[in-house]
Amino acid sequence: MYLYNLTLQRASGITHAVHGNFSGGKVQEILVSRGKSLELLRLDPSSGKVHTLLTVEVFGVIRSLMAFRLTGGTKDYIVVGSDSGRIVILEYMPSKNLLEKVHQETFGKSGCRRIVPGQYLAIDPKGRAVMIGAIEKQKLVYTLNRDGQTRLTISSPVEAHKSNTLVYHIVGVDVGFNNPFFACLEIDYEEADVDPTGEAAMKTQQTLTFYELDLGNNNVVRKYSEPLEEHANFLISVPGGNDGPSGVLICSENYLTYKNLGDQHDIRCPIPRRRNDLDDPERGMIFVCSATHKTKSMFFFLLQTEQGDIFKVTLDVDDDVVTEIKLKYFDTVPVATSLCVLKTGFLFVASEFGNHYLYQIAHLGDDDDEPEFSSAMPLEEGDTFFFAPRALRNLVLVDELESLSPILACQVIDLAKEDTPQLYMACGRGPRSSIRVLRHGLEVSEMAVSELPGSPNAVWTVKRRADGCWRLGQVS
């Protein structure tokens with residue numbers, strides 16, 4: 001059975017964006033999710049423009065999206081969490097220009113249910129395992145490998161369920177080639193659920209829990225759990241093995257904390273605030289989005305606050321032990337749902353509201369006069385650092401993808417007297433709000449431009465021969 005689906009204008013908002021070498025070459029592509037469709041974008045480094053390679057309707061709701069690469073591989077795969085109750089692994093085939101379904105494993109009922117996995121995805125940085133989690137209770141781990149023909153294989157799921165537990169975020173911890181580790185932000189509501197007074201709910205603390213996948217015994221062990229001081233909203237995996245100290249960065253209200261197993265003590269740094277901020281000074285500050293850039297010699301993080309300010313975060317490491325967290329104001333861009341730092345030196349910003357942007361990273365912000373904040377700087381409890389936002393200095397805008405999201409109001413009326421009504425829509429939020437006008441019709445693509453001799457006043461088509469092709473003629 002084949003279903004026919006026609007969308008006059010595709011969704012323009014982006015809910016997820018990941019980057020990788022999906023075609024197997026040296027050029028990195030960007031895969032974006034627009035809610036119910038996947039779109040593969042490629043950047044032209046010479047012109048700095050983004051063009052679409054492929055658009056696929058998935059006939060469902062994409063809840064999570066991640067890219068991964070098997071150890072020693074040269075090509076990235078895509079794993080999708082959706083409302084289908086299945087985990088789906090896709091591979092881009094450049095010769096056919098399509099996303100081919102490599103694996104599709106069913107584990108639950110369809111629909112966006114809180115106990116059916118699909119809301120969260122986490123990949124082992126070495127590409128050996130993937131954890132797919134639900135908002136409540138259920139987490140499944142699949143082992144990824146190759147067969148004799150170097151084709152991707154996936155194992156049966158291993159359960160890592162825990163009753164009466166809500167999950168906020170999951171990431172894969174970079175531990176080199178040791179057993180894969182996953183870090184989860186969880187909260188146990190068992191006591192709060194049976195306490196009618198509400199006191200237990202007020203005292204319940206969020207926990208950071210590490211899960212270990214034992215590849216030898218093929219089971220998942222709850223390795224370690226620790227309560228957190230502040231309520232956290234998401235985790236960032238720190239490069240490990242030969243590339244870094246491993247561990248996770250915990251993004252919580254007003255603080256950024258580094259944690260790791262072993263002898264590593266916690267490193268805690270306040271999140272800087274805007275000087276003379278017009279917002280409520282008592283409101284907590286959180287990071288909402290992040291991107292990690294790693295080379296053979298260094299790595300850093302770009303973290304964005306809910307006001308759009310991006311900070312470059314680096315770690316001082318002494319003998320695989322982190323001693324200091326350093327933050328430096330980088331630039332301010334629209335608040336993003338996803339940030340992608342490409343190896344070619346571009347930053348793709350999938351905006352939460354309004355148009356999406358592609359920036360070129362002109363400077364890394366190492367040699368400017370911006371103050372650098374450190375966890376080693378003495379501060380009183382509750383105090384924080386302050387900075388002054390400015391115009392773009394390290395980023396240069398090179399391309400813009402138009403987006404109508406969010407549409408807050410719409411009127412269909414023929415104000416232009418064109419005999420065909422136009423759609424007038426109020427889009428965006430705050431200072432980036434706009435009124436967009438949509439007209440019925442097809443876009444015209446300019447294929448070629450030729451200079452005509454003389455001063456033509458008419459153009460028509462003629463055939464060179466009776467059985468030949470059409471050519472242009474002119475009158476001057």
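The values are calculated or read from the model by the stated rules, or taken from the named source; none is laboratory data. No experiment lies behind these values; they were computed from the predicted model shown. Glycine gets a Cβ as well: all are built from the backbone with ideal geometry, and neighbour counts include every protein chain shown. Just the protein is used for accessible areas: all its heavy atoms, side chains included, with ligands, DNA and RNA removed. Shrake-Rupley method; radii C 1.70, N 1.55, O 1.52, S 1.80 Å.
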### Query
What nm distance separates the two modelled labels at His363 and Ser110, each placed 7 Å from Cα along Cα→Cβ?
5.4 nm
## Note on the structure
Note to self, the chain gives a 222 nm [θ] from helices alone (DSSP H runs n ≥ 4, -39500 (n - 2.57) apiece, / all residues, nearest 500) of -500 deg cm²/dmol
### Ordering of 157-165, 92-100, 251-259, 310-318 by packing [mean C-beta count within 10 Å, highest first]
251-259, 310-318, 157-165, 92-100
### Query
Cβ under 14 Å from Val116's Cβ, Val116 left aside: what net charge do those residues give with Lys, Arg +1 and Asp, Glu -1?
+3
#### Entry: Distance violations [Cα-Cα > 24 Å] among Lys96/Lys126; Lys75/Lys312; Lys259/Lys294; Lys101/Lys294
Lys96/Lys126; Lys75/Lys312; Lys101/Lys294
### Task
Taking the Cα centre of the chain as origin, work out the dipole magnitude from +1 charges on Lys and Arg Cβ and -1 charges on Asp and Glu Cβ, in debye rounded to 20.
2560 debye
## Note on the structure
Given 373-384, 129-140, the highest-first ranking by average Cβ count within 10 Å works out to 129-140, 373-384
### Query
Near Lys417, which lysines are there with a Cα under 23 Å away, not counting those fewer than 8 places off in the same chain?
none
### Query
Kirkwood Rh, segment 109-229, all Cα pairs: how many Å?
15.4 Å
### Query
At what distance in angstrom do the alpha carbon centres of segment 1-69 and segment 141-216 lie from each other?
28 Å
### Task
Order the peptides 408-416, 301-309 from the highest to the lowest mean number of other Cβ atoms within 10 Å of their residues.
301-309, 408-416
### Summary
Result for segment 359-445: accessible area per residue, probe 1.4 angstrom, in square angstrom, of 70 Å²
## Note on the structure
Note: Ala448 to Met202 extended length (0.36 nm per residue) minus current alpha-carbon separation gives 81.8 nm
### Message
Let me understand segment 1-123 better: what is its radius of gyration from the alpha carbons, and its Dmax, in angstrom?
### Response
14.8, 47
### Task
Compute the signed sum of charges (Lys and Arg +1, Asp and Glu -1) over the other residues within less than 12 Å, Cβ to Cβ, of Ala17.
-2
### Query
What net charge is computed for the residues neighbouring Phe59, neighbours being all others with C-beta under 12 Å from the C-beta of Phe59, Lys and Arg scored +1, Asp and Glu -1?
-1
### Query
Using all Cα-Cα distances in segment 218-312, what percent lands in each 5 angstrom bin from 0 up to the longest?
3, 11, 20, 21, 18, 13, 8, 4, 2, 0, 0
